[in-house]
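Down below is the structure, laid out as structure tokens.
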Amino acid sequence: MDEHSESGAGAGAGLDPRAELSEFLRTRRARLKPQDVGLPDFGRHRRVPGLRREELAQLAGVSVAYYTRLEQGNGRNVSAEVLDAIARALRLSDAEHAHLMHLTKPKQHKRRPSTRTEQVRPALRHLLDSIDGVPAYITGRRSDILAWNSMSAAVFGDWGELPAQERNWARMVFLRPDYRELFVEWDQKASDMVGYLRMDAGCHPDDPRLSALVGELSVKSAEFRRLWAVHDVKEKTYGVKRLRHPLVGELSLNFESFGLTDGTGQHLTTYYAEPGSPSAEGLRLLASWGADASRAGRGTAL
């Protein structure tokens with residue numbers, strides 16, 4: 001197969017790392033209640049949602065002034081040990097903990113991301129073509145779709161018919177009504193996509209193309225703006241997706257996403273159905289129809 005911000009973020013600038021750190025810590029603190037972390041709640045009126053900065057600093061074992069500076073976006077020179085303590089106090093998930101480290105990078109220097117088009121190694125393209133009977137594709141930075149096999153085209157539509165800049169999961173999920181119909185639990189898919197972009201933004205806050213994507217989606221989609229403001233993060237892992245395919249009806253597919261270890265940051269994602277299930281039969285039918293499947297479903301899938 002062929003290869004391929006905050007609201008109002010500009011195309012030529014990245015996201016503001018200080019603002020990203022500040023908002024992430026504030027939203028994580030706001031979701032905790034005193035009883036969640038073993039602190040007494042005396043029932044007094046609380047002016048802010050969640051824990052106070054003083055309470056969070058106490059739990060993390062740092063001074064209030066130190067934590068306040070961090071939550072104001074001053075993460076320079078903060079130690080990994082302090083970040084670990086704050087992560088424990090905030091009860092961060094593994095993905096959130098990693099995001100916090102990316103936002104501060106106490107012992108690393110961020111490099112400006114390359115503006116060159118991402119490439120998929122020929123061996124990986126051969127691997128995709130050899131995966132028979134199940135959808136498989138490779139995504140790169142910003143959820144761009146870089147390469148895919150014929151079963152992906154049969155299930156999701158032929159991405160080769162789209163301009164390269166539109167082969168992007170986030171853009172399709174939020175801006176294409178047909179993808180809203182395709183995913184039975186569209187709300188969960190949308191939340192996942194924003195979580196992936198947030199992780200990417202933490203690793204590469206100075207990426208102008210990511211900032212431009214976030215800015216475009218923020219302008220065009222109220223759902224995206226709402227989810228982006230929550231600052232939830234998520235890593236690509238595994239799970240189940242239910243699809244409403246125009247030719248074979250509902251499909252319940254397990255997916256696995258593997259991060260490639262070649263330094264590209266790309267992911268290989270595969271979908272499969274439980275053997276003997278109606279969904280397995282649906283995939284078998286789509287595979288038997290081959291290119292006709294993607295053409296027949298084109299009006300709804302893409």
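The values are calculated or read from the model by the stated rules, or taken from the named source; none is laboratory data. Because the structure is a prediction, the values reported are computed rather than measured. Counting neighbours? That spans all protein chains shown, and the Cβs are built from the backbone with ideal geometry, glycine included.
List of remarks:
- Annotation note: of S130, S152, the sole residue that is surrounded by 23 or more Cβ atoms within 10 Å (Cβ to Cβ) and under 23 Å from G265 (Cα atoms) is S152.
- The set of residues in segment 122-140 that are touching a helix residue (DSSP H, G or I) at 6+ places or on another chain (Cβ under 7 Å) and modelled with pLDDT under 95 comprises G133, V134.
- When residues of segment 47-80 are limited to those that are of a type in the set (A, V, I, L, M, F, W, C) and more than 19 Å from E23 (Cβ to Cβ), the one nearest to the chain's Cα centre (by Cα): A80
- Considering segment 25-76, the residues that are surrounded by 15 or more Cβ atoms within 10 Å (Cβ to Cβ) and small (G, A, S) include one that is modelled with the lowest pLDDT, namely G75.
- Residue within segment 243-254 that is modelled with pLDDT under 95, of a type in the set (K, R) and within 17 Å of P135 (Cβ to Cβ) present: no
- Residue in segment 137-147 that is under 27 Å from R284 (Cβ atoms), assigned to a helix (DSSP H, G or I) and among the aromatic types (F, W, Y) present: no
- Residue check, L182 touching a helix residue (DSSP H, G or I) at 6+ places or on another chain (Cβ under 7 Å) and more than 26 Å from L285 (Cα to Cα): no
- Only listed residue being hydrophobic (A, V, I, L, M, F, W, C) and closer than 25 Å to A229 by Cα, chosen from A201, A153: A201
- Cβ pairs under 9 Å, 6+ apart, first in segment 61-88 and assigned by TED's automatic domain parsing to the domain that holds E23, second acidic (D, E): V64/E54; Y67/E54; G73/D16; G73/E20; G73/E23; A87/E96
- The listed residue being at negative phi, part of a loop (DSSP other than H, G, I, E, B) and of a type in the set (A, V, I, L, M), out of V219, V233, V240, V214: V233
- Which listed residue, of L210, L227, is surrounded by 19 or more Cβ atoms within 10 Å (Cβ to Cβ), at pLDDT 95 or above and either acidic (D, E) or not assigned by TED's automatic domain parsing to the domain that holds R28 (or both): L227
- Qualifying residue in segment 114-121 (condition: in a loop (DSSP other than H, G, I, E, B), at pLDDT 95 or above and closer than 30 Å to R226 by Cα): no
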